[in-house]
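Trainee: Right, I'll just put the structure down here and ask away after.
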Amino acid sequence: MTHLSSSRFKVPSLRKSADSEYLATILILLVVWIFLVVISVINRSDFLSRATLSAVTFNMCIIGILAIGQGFVVISGGILDLSITVSMLITSFMIVVFYDLGWNTPLLIIVSLLCAGVFGLFNSILVVWLRINPLIVTLATGFAGGGLLLIVFDRGLVDPKSSIADFGTSYLFGLPTAWWPMALLTIGAHFFFKYSRVGRHFLAVGGNPLSSKAMGISLKRTRVATFVGSSIFGGIAGIVFAGFTPEIRPNAGEYYTLPVIAAVVLAGFSLAGGRGSFLALFISVGFLSTIPTALVFFGLESIWQTFIQGFILIIAVSIDAYRIVKVRGR
Amino acid sequence: MSTNLTKLASHDHKMSSVEKMKKSLSGPGGTIVLGLSIIIGTSALWVGKMTFTSFNIYLILGYLAIPLIIGIFASFSLLSGVVDLSIGAMVALSATIFALLCVNGINEWVSAVITIIICMGFGAINGTAIVVFGANPIAATLGMLVGLRGLARILSRTAPSTSTSQDAISLFITGLNDFTESQISFIPVLFIIALVLVFVTQGIISLTRGGRHIRAVGGDITAARRAGLATERIKFLSLLASSFGASIGGILYVGKLGSAPVTLGTGMEFTIYAALMIGGYSILRGGVGNPMGGFLGLLIIAVFANLVDNKGLDIRAADIFVGVLLLVIVYLDIRRGGDAFE
């Protein structure tokens, strides 16, 4: 938004303040993350190990990619995509189906991603042409899509000898190979929204749809791109998911929906749109993915994880809202 | 039923009878009655006479009663413009706490009171986050949903192993079970209570000053604040009401099921809000909807679930139905001038 306006008007202070605000969020998240690691190490010195690193990075792959998709929706003013895990599972199941048909790997990946894209297109048609609020659309398609997946697929078995399973279980530069797509997509998203013209358009629409429209940005096209985009990100997560999950269950999405939203909110994305940093998102995904492993080292069962994540989310949204109120004044 | 709804819908306006007729057909009431007729008609054609046997009606109404009680209390928060997604998890937590206290030998009545107080405490946390700090209601109560599910699971593990099996505390409370299963002729008593609650709430919403205040806060909070209403207190109290309803629901489920499974109420928030939205409420803006509509919306879903059950279809088909129905109803609302997106 600032880039667009600065071509005609000089508003240097806006950009500077936005950057410093993201920097503060990133630093706070980093400090909290490091604090979590430090108390875990004090508790059990063997926390810093290859096994921990591998557990945390495996956690990060799926949540990270889904969070980029969700962040994309939030930053462009699409509120939330509650059906993103359905896109993920559509892709995972399609990969299994096409693999069993004997298709070669690049082809089946592209076609499965297209299936997720078609699902996203369906969402965007409901949003743009029927003008139903995205939250209701994705709630309904998530609900109906999840039910349909349960009826159609009982479970999907990934062939452990396939190249997809190879990709999901191998290591590259000391980290899981499946972690690298997430890292690359994060960097890509950061530069896309910060420097590219199209990326700034999404930000502008998220910040103020009416004035963006007045400046000649097509709202319809942006919305379609947003929801197809988030489904494609869901689809990419689905490829990674198929890589390291030998047996895919149709209800596997339930586990991911909330941590992903928590990561986006924690990273300082405004649910009203137009504000958010993908670098902060990376840190918040890392922090949230460390919690399950840290809990194990504290001798707490994994059931504590959801309890803690839920309350972190409440605290995060409260702090976020309070900060905005303080900045704007009542 | 249609004329009844028309009266309710046109309560605030003076209209000629022709206008009333037109409005009843194109308004939310018309849509609901049409939907209800279609679903009952489908059931009658597909399942046959069995739809109207007294036992089947008993099944439908029994399935409906507890969600209706939870939904009516939750409708207060929708009306005041905040959505509480944590009700399903709150039901599980309430059932778990209640069962846990009873298993540990505490009197049932005392346990129930303690359970309700604890659940309303979590409702107060919702209220603090949303009203005091101004957090987004959907994000905050989604966090509460997950947090409470986790808490229910943690608490369920602390029960003595003799009374737990497969993530559920099992206990049979004779008095409570008799109460939840009792019926007058073929109508469950719980359903009658729920229906009375619907009418009382309808009266409160449309006739009393407090009801008008809640609608005013949901409809336009700035105007309500300028008119001197205690907007924050009303929102806070409505969130407490929804947690109260969910805690009552949880206790009743323990009586009905004879156990407190930790998965109790999974997805119930979606079913209830879908039903309320079918009935004219909105999760995005307050001030609209009435309890009678919510009741009929829930009835549509209950009849469909019964149809699926009788035909031996996959129960998850109901999820697809609820999703599609939700989109259709919201789209019809937009066509009538409801809040469209952009």
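Trainee: Quick one: is residue A:128 within 14 Å of chain B (Cβ to nearest Cβ) and more than 24 Å from residue A:250 (Cβ to Cβ)?
Mentor: Working: within 14 Å of chain B (Cβ to nearest Cβ): yes; more than 24 Å from residue A:250 (Cβ to Cβ): yes.
Yes.
Trainee: Follow-up question, since we're still on this one. From the set of residues in the stretch A:95-119 that are over 30 Å from residue B:339 (Cβ atoms) and in contact (Cβ under 8 Å) with a residue 60 or more places away in the chain, which is farthest from the other protein chains (Cβ to nearest Cβ)?
Mentor: By that ranking, first place goes to A:109.
Trainee: Still on this structure: What number of residues within the stretch A:199-232 are among the small types (Gly, Ala, Ser), part of a helix (DSSP H, G or I) and either free of Cβ contacts under 8 Å to residues at least 12 places away in the same chain or under 13 Å from residue A:77 (Cα atoms) (or both)? Write out each step before concluding.
Mentor: So in the stretch A:199-232, the residues among the small types (Gly, Ala, Ser) come out as A:199, A:204, A:206-207, A:211-212, A:214, A:216, A:218, A:225, A:229-231.
If we keep only those that are part of a helix (DSSP H, G or I) as well, we get A:199, A:204, A:206-207, A:211-212, A:214, A:225, A:229-231.
Retained after the next criterion (residues that are either free of Cβ contacts under 8 Å to residues at least 12 places away in the same chain or under 13 Å from residue A:77 (Cα atoms) (or both)): A:199, A:204, A:206-207, A:211-212, A:214, A:225, A:230.
Matching residues across the stretch A:199-232 total 9.
Trainee: Just name the residue that is farthest from residue B:76 (Cα to Cα) out of those in the stretch B:214-240 that are within 21 Å of the chain's Cα centre (by Cα) and of a type outside the set (A, V, I, L, M, F, W, C). Break it down stepwise before answering.
Mentor: Applying the first criterion (within 21 Å of the chain's Cα centre (by Cα)) to the stretch B:214-240 yields B:214-215, B:217-219, B:234-240.
Of the ones still in play, those that are also of a type outside the set (A, V, I, L, M, F, W, C) are B:215, B:218-219, B:235, B:238.
Values: B:215: 9, B:218: 10, B:219: 13, B:235: 9, B:238: 5 Å.
Checked the stretch B:214-240; the qualifying residue farthest from residue B:76 (Cα to Cα) is B:219.
Trainee: Okay, next question. Can you tell which of B:88, B:62, B:41, B:35 is part of a helix (DSSP H, G or I) and without any contact (Cβ under 8 Å) to a residue 12 or more places away in the chain?
Mentor: B:41
Trainee: What residue, of B:284, B:332, B:325, is closer than 30 Å to residue A:224 by Cα, in a helix (DSSP H, G or I), at the interface with another protein chain (Cβ under 9 Å from one of its Cβ atoms) and modelled with pLDDT under 85?
Mentor: Sole residue among the options that is closer than 30 Å to residue A:224 by Cα, in a helix (DSSP H, G or I), at the interface with another protein chain (Cβ under 9 Å from one of its Cβ atoms) and modelled with pLDDT under 85: B:325.
Trainee: Sort through B:98, B:172 and tell me the only one that's aromatic (Phe, Trp, Tyr) and outside any helix (DSSP H, G or I).
Mentor: Just one listed residue meets the conditions, B:172.
Trainee: While we're looking at this one, here's another question. How many residues does the stretch B:201-218 hold that are out of contact with any helix residue (DSSP H, G or I) (no Cβ under 9 Å at 6 or more places or on another chain) and either under 17 Å from residue B:60 (Cα atoms) or in a helix (DSSP H, G or I) (or both)? Before the answer, list the steps.
Mentor: Going residue by residue through the stretch B:201-218, those that are out of contact with any helix residue (DSSP H, G or I) (no Cβ under 9 Å at 6 or more places or on another chain) are B:207-209.
Those left that are additionally either under 17 Å from residue B:60 (Cα atoms) or in a helix (DSSP H, G or I) (or both): B:207, B:209.
So the count comes out to 2.
Trainee: Which of the residues that make up the stretch A:284-316 are in contact with a Gly (Cβ under 7 Å, 6 or more places away or on another chain) and of a type in the set (Val, Ile, Thr)?
Mentor: A:285, A:303, A:306, A:314
Trainee: From (1) closer than 30 Å to residue B:211 by Cβ; (2) within 11 Å of another protein chain (Cβ to nearest Cβ), pick out the condition that doesn't hold for residue B:314.
Mentor: Unmet for residue B:314, out of (1) closer than 30 Å to residue B:211 by Cβ; (2) within 11 Å of another protein chain (Cβ to nearest Cβ): (1).
Trainee: Residues that are of a type in the set (Val, Ile, Thr), modelled with pLDDT under 85 and under 17 Å from residue A:283 (Cβ atoms), at least 1 per element: which helices (runs of 4 or more DSSP H) completely within the stretch A:1-79 meet that?
Mentor: Qualifying helices (runs of 4 or more DSSP H): A:12-43.
Trainee: Count, please, the residues in the stretch B:266-310 that happen to be under 10 Å from the mean Cα position of the chain (by Cα) and among the charged types (D, E, K, R).
Mentor: Of the residues in the stretch B:266-310, 1 are under 10 Å from the mean Cα position of the chain (by Cα) and among the charged types (D, E, K, R).
Trainee: Okay, next question. Just the residues that are within 30 Å of residue B:318 (Cα to Cα) and of a type in the set (A, V, I, L, M), please, taken from the stretch A:150-199.
Mentor: A:150, A:151, A:152, A:157, A:158
Trainee: Counting only residues that are in contact (Cβ under 8 Å) with a residue 12 or more places away in the chain and more than 13 Å from chain A (Cβ to nearest Cβ), how many does the stretch B:110-137 have?
Mentor: 8
Trainee: Given the conditions (1) farther than 26 Å from residue A:260 by Cβ; (2) within 14 Å of chain A (Cβ to nearest Cβ); (3) without any contact (Cβ under 8 Å) to a residue 24 or more places away in the chain, and given that residue B:140 satisfies all but one, which numbered condition is not satisfied?
Mentor: In the conditions (1) farther than 26 Å from residue A:260 by Cβ; (2) within 14 Å of chain A (Cβ to nearest Cβ); (3) without any contact (Cβ under 8 Å) to a residue 24 or more places away in the chain, residue B:140 misses (1) alone.
Trainee: Can you find, within the stretch B:103-162, the residue that is surrounded by the fewest Cβ atoms within 10 Å (Cβ to Cβ) among those that are within 23 Å of residue A:306 (Cα to Cα) and of a type in the set (D, E, K, R)?
Mentor: If we take residues in the stretch B:103-162 being within 23 Å of residue A:306 (Cα to Cα) and of a type in the set (D, E, K, R), then B:157 is surrounded by the fewest Cβ atoms within 10 Å (Cβ to Cβ).
Trainee: Could you give every pair whose Cβ atoms fall below 8 Å, whose first residue belongs to the stretch A:120-134 and is farther than 10 Å from residue B:340 by Cα, and whose second residue is in a loop (DSSP other than H, G, I, E, B), counting only separations of at least 6 or pairs across chains?
Mentor: Listed pairs, sorted by first residue: A:123/A:81; A:123/A:83; A:126/A:132; A:134/A:78; A:134/A:79; A:134/A:80; A:134/A:81; A:134/B:341.
Trainee: Out of A:324, A:232, I need the residue that is under 30 Å from residue A:211 (Cα atoms), of a type outside the set (D, E, K, R) and modelled with pLDDT under 80. Which one?
Mentor: A:324
Trainee: In the stretch A:233-330, which helices (runs of 4 or more DSSP H) lie fully inside it and hold 2 or more residues that are of a type in the set (A, V, I, L, M), away from every other protein chain (no Cβ under 14 Å) and surrounded by fewer than 21 Cβ atoms within 10 Å (Cβ to Cβ)?
Mentor: A:278-297
Trainee: How many of the residues making up the stretch B:307-333 are surrounded by fewer than 21 Cβ atoms within 10 Å (Cβ to Cβ), in contact with a Phe, Trp or Tyr (Cβ under 9 Å, 6 or more places away or on another chain) and closer than 14 Å to residue B:279 by Cα?
Mentor: Count: 0.
The values are calculated or read from the model by the stated rules, or taken from the named source; none is laboratory data. Treat the numbers as computed from the prediction; the structure is a model and nothing was measured. Here Cβ is always computed from backbone atoms with ideal geometry, including for glycine, and neighbour counts include all displayed protein chains.
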